[in-house]
Amino acid sequence: MRIIFIVFVTVLTYDLTMTETCQKVDSCRCTYTNSHIDLTPLISASVAPRFKDMYDQYYNNRFSYNPCDGFNEGTCTDVAVCKQNPQGQTFNVGSQHTAAFLDSDYGNLMIEYTTQNGQTSRVQLICSYGSTTLEVNGENPSSVYNFKLRSPYCCPVEGSLIPSQDIVTPGLMLVIGLSTFSLFAFLLGLICFTCAPKSPNQESTSRNSSNNGYLRMTRAGTPPPYSVA
């Protein structure tokens with residue numbers, strides 16, 4: 001039973017420490033139960049985007065990105081990400097108001113921006129205590145543009161932006177459900193193990209052991225127990 005208990009505690013601990021999804025507060029901030037991400041210090045001091053006309057890794061297209069506020073560039077209006085092709089044409093590849101905080105396939109938090117014509121921009125938020133930089137990885141797969149934002153402001157800050165009792169995310173509900181099920185399964189197994197009837201062989205062995213002990217006591221000269229009327 002000790003092994004079963006250890007396994008149960010391990011599973012329960014894992015359930016309770018599952019990674020949360022960062023709940024969106026606005027296009028610049030999201031919050032966990034006990035911490036949050038805040039990119040507002042990266043707001044551009046001018047009308048120009050924080051990162052402007054940066055080439056992708058193939059030196060083909062150029063991209064401008066503003067983490068928090070929408071900006072205008074060429075035909076791009078109120079966007080988060082604007083693409084400029086070699087001919088100088090500009091295209092909206094991420095609207096600011098569509099910002100969604102998601103977990104990426106690489107284990108990092110990311111912001112995903114979309115457009116009405118099917119373009120998607122994904123910005124991975126990488127916690128780094130150096131300077132703030134943007135890496136433009138380009139288009140892969142088609143119509144999906146990938147970026148990596150490295151900054152101290154991508155690191156979680158202690159404290160929630162919303163009272164914890166108001167945060168009931170699907171991930172948190174899953175943790176509670178799995179924990180409750182694990183506890184129920186453990187208690188049910190413990191009850192079944194404790195209340196399981198002994199087999200006839202176990203009872204016979206126990207009875208024979210008692211009789212043998214009684215015979216040994218009698219042969220050694222110890223008088224058998226008697227009752228008083």
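The values are calculated or read from the model by the stated rules, or taken from the named source; none is laboratory data. These numbers come from a predicted model, not from an experiment. Cβ coordinates were reconstructed from backbone atoms using ideal geometry, including for glycine residues, and neighbour counts include every protein chain displayed.
Mind checking which pairs have a first residue in the range 124-144 that is under 19 Å from residue 62 (Cα atoms) and a second that is among the small types (Gly, Ala, Ser) and not in a strand (DSSP E or B), Cβ under 7 Å, 6 or more apart or different chains?
124/104; 143/118
Under 6 Å by Cβ, and 6 or more places apart or on different chains, what pairs join a residue from the range 47-60 that is under 20 Å from residue 151 (Cα atoms) and touching a residue at least 60 places away in the same chain (Cβ under 8 Å) with one that is of a type in the set (Val, Ile, Thr) and not in a loop (DSSP other than H, G, I, E, B)?
The qualifying pairs are 54/136; 56/136.
Which residues, counting only those in the range 1-26, are at pLDDT 60 or above, exposed (fewer than 15 other Cβ atoms within 10 Å of the Cβ) and closer than 30 Å to residue 185 by Cβ?
19
Residue-wise test of (1) modelled with pLDDT under 75; (2) under 25 Å from residue 66 (Cα atoms); (3) part of a strand (DSSP E or B).
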| position | (1), (2), (3) |
| --- | --- |
| 149 | no, yes, yes |
| 165 | yes, no, no |
| 168 | yes, no, no |
| 173 | yes, no, no |
| 176 | yes, no, no |
| 185 | no, no, no |
| 188 | no, no, no |
| 193 | yes, no, no |
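For the range 109-122, does any single residue satisfy the condition of being among the hydrophobic types (A, V, I, L, M, F, W, C), surrounded by fewer than 19 Cβ atoms within 10 Å (Cβ to Cβ) and touching a Lys or Arg at 6+ places or on another chain (Cβ under 8 Å)? Lay out the reasoning, then the answer.
Going through the range 109-122, the residues among the hydrophobic types (A, V, I, L, M, F, W, C) turn out to be 109-111.
Applying the additional criterion that residues be surrounded by fewer than 19 Cβ atoms within 10 Å (Cβ to Cβ) yields none.
Scanning the range 109-122, I find no residue that is among the hydrophobic types (A, V, I, L, M, F, W, C), surrounded by fewer than 19 Cβ atoms within 10 Å (Cβ to Cβ) and touching a Lys or Arg at 6+ places or on another chain (Cβ under 8 Å), so the answer is no.
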